[in-house]
Amino acid sequence: MLHRAFFLPPALEVAPLLLGTYCTVSSEEGAVTIRITETEAYHGLGTAGVRDEGAHAKNGKTARNASMFGPPGHAYVYFTYGMHYAINFVTSPEGVASGCLIRSGEVVSGHALARHRRILKRGGNAQHDIPDVQLARGPGNLAAALGVERATHDGRDLLTAPFALEPGSPPKHIAQGPRVGVSGIAGGPAFPWRFWEHGAASVSAFRPGKNVPRT
DNA sequence: TTATCGATTCTCT
DNA sequence: GAGAATCGATAAA
C-alpha cells in the first residue's frame, strides 16, 4: 500500500512515479486491477510558480473541481464529452489544486468484468471483441473498465476501499511529451507533462488539442 | 494508414 | 450558449 506522503509533491513529480503502480477498484460486481502505464500532470490554482491553462482548476475552486483542492491521495473524478468519466489522483496539500490524470493502464486481473463494463458502455454491442491491452487504454476507457463514476468515487480516499494502491514494477524507459487534447500553449511542447511507459501497447494514441503551437 | 466527425450532457461564462 | 483532460466509426488518401 502506498503511503499518503507519496502524494504530497506536486503532480509533475508524482506523475512519472505512478507509472507501474497497481490500482485496484472493488465493487459488488468484483474487483479490477490495472498497472498504470500513462499519466498526465495538471497544476491548478495554488501551485507555486506555475500557471497551467490546461487544468480544470486554473480559475479556482468550483463545484466540479472541488475535490482537486481536497487532501492528497484522494480521487478527482469528472464527466466529459457527454459520456466519459476520467480519474485523477490528487497530489499536494489541501487548498492546492494539483493532480495526475490516469490516462491508461494494462488490466492485470478482472479482465472479464472490465470487458463486460466496456461492452455495456458501448451499448451491449459485443460483435467486436476488445483485446486485453485496450481494456483500459485511454482515460474514458480506463474509468469504464474500473467502474469509476463521479457519483460514487469523486473525492474518495485512494488508500481505503473501494480503492487499493500497491507499488509495482516501474517502467524501464519513461517517455515524456505534450498532453493529449489540451488546447493552447498548455497543450504544446512547453508543457511536456504527459508520461508513459515507452513501448507499452496499452498507451493511448496522441491527439493534439485545438490551437496548439507546433514548436 | 491517417484524418475527420458525430454522439451526448455537464459545467462555466 | 460554447466548449470540453474522449472514443470509435467512417471517409479519404
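A few remarks follow.
- Taking the stretch A:22-41 as the range and being within 12 Å of the chain's Cα centre (by Cα) and not in a strand (DSSP E or B) as the test, no residue passes.
- Elements of type helices (runs of 4 or more DSSP H) in the stretch A:78-165, at least 2 residues being surrounded by fewer than 23 Cβ atoms within 10 Å (Cβ to Cβ): A:111-121, A:150-153
- Residue within the stretch A:133-140 that is within 16 Å of DNA strand B (Cβ to nearest atom) and touching a helix residue (DSSP H, G or I) at 6+ places or on another chain (Cβ under 6 Å) present: no
- For A:Gly188, the criteria (1) under 17 Å from the mean Cα position of the chain (by Cα); (2) modelled with pLDDT under 95 hold in every case but one, which is (1).
- Reported count of residues in the stretch A:191-203, each being more than 14 Å from A:Tyr42 (Cβ to Cβ) and either in contact with a Ser or Thr (Cβ under 7 Å, 6 or more places away or on another chain) or without any contact (Cβ under 8 Å) to a residue 12 or more places away in the chain (or both), is 5.
- Checked against (1) within 16 Å of DNA strand B (Cβ to nearest atom); (2) over 12 Å from the mean Cα position of the chain (by Cα); (3) closer than 20 Å to A:Phe6 by Cβ; (4) in contact (Cβ under 8 Å) with a residue 60 or more places away in the chain, A:Glu149 passes all but a single condition, namely (3).
- Looking only at the stretch A:199-215, and only at residues there that are loosely packed, with under 13 Cβ neighbours inside 10 Å and more than 13 Å from DNA strand C (Cβ to nearest atom), the one that is nearest to A:Arg137 (Cα to Cα): A:Gly199
- For the stretch A:150-196, a residue qualifies if it is farther than 21 Å from A:Tyr76 by Cβ, within 14 Å of DNA strand C (Cβ to nearest atom) and of a type outside the set (Gly, Ala, Ser), and the qualifying residues are A:Pro178, A:Ile185.
- Inclusion of A:Phe206 among residues that are within 16 Å of DNA strand B (Cβ to nearest atom), part of a loop (DSSP other than H, G, I, E, B) and in contact (Cβ under 8 Å) with a residue 12 or more places away in the chain is warranted.
- Residue check for A:Gly44: more than 13 Å from the chain's Cα centre (by Cα), more than 21 Å from A:Pro170 (Cα to Cα), crowded, with 21+ Cβ neighbours inside 10 Å and within 16 Å of DNA strand B (Cβ to nearest atom): yes
- Candidate set from the stretch A:176-189 (those that are buried (at least 17 other Cβ atoms within 10 Å of the Cβ) and away from DNA strand B (no atom under 14 Å from the Cβ)); member that is nearest to A:Ser26 (Cα to Cα): A:Arg179
- Any chance A:Arg118 is within 13 Å of DNA strand C (Cβ to nearest atom), without any contact (Cβ under 8 Å) to a residue 40 or more places away in the chain and closer than 16 Å to A:Asp132 by Cα: yes
- When A:Arg156, A:Arg117 are checked against the criterion of being modelled with pLDDT of 95 or more, within 17 Å of the chain's Cα centre (by Cα) and basic (Lys, Arg), A:Arg156 stands alone in meeting it.
The values are calculated or read from the model by the stated rules, or taken from the named source; none is laboratory data. Here the structure is a predicted model, which means the values were calculated and not measured. Cβ sites come from the backbone with ideal geometry, for glycine too, and all protein chains shown count toward neighbours.
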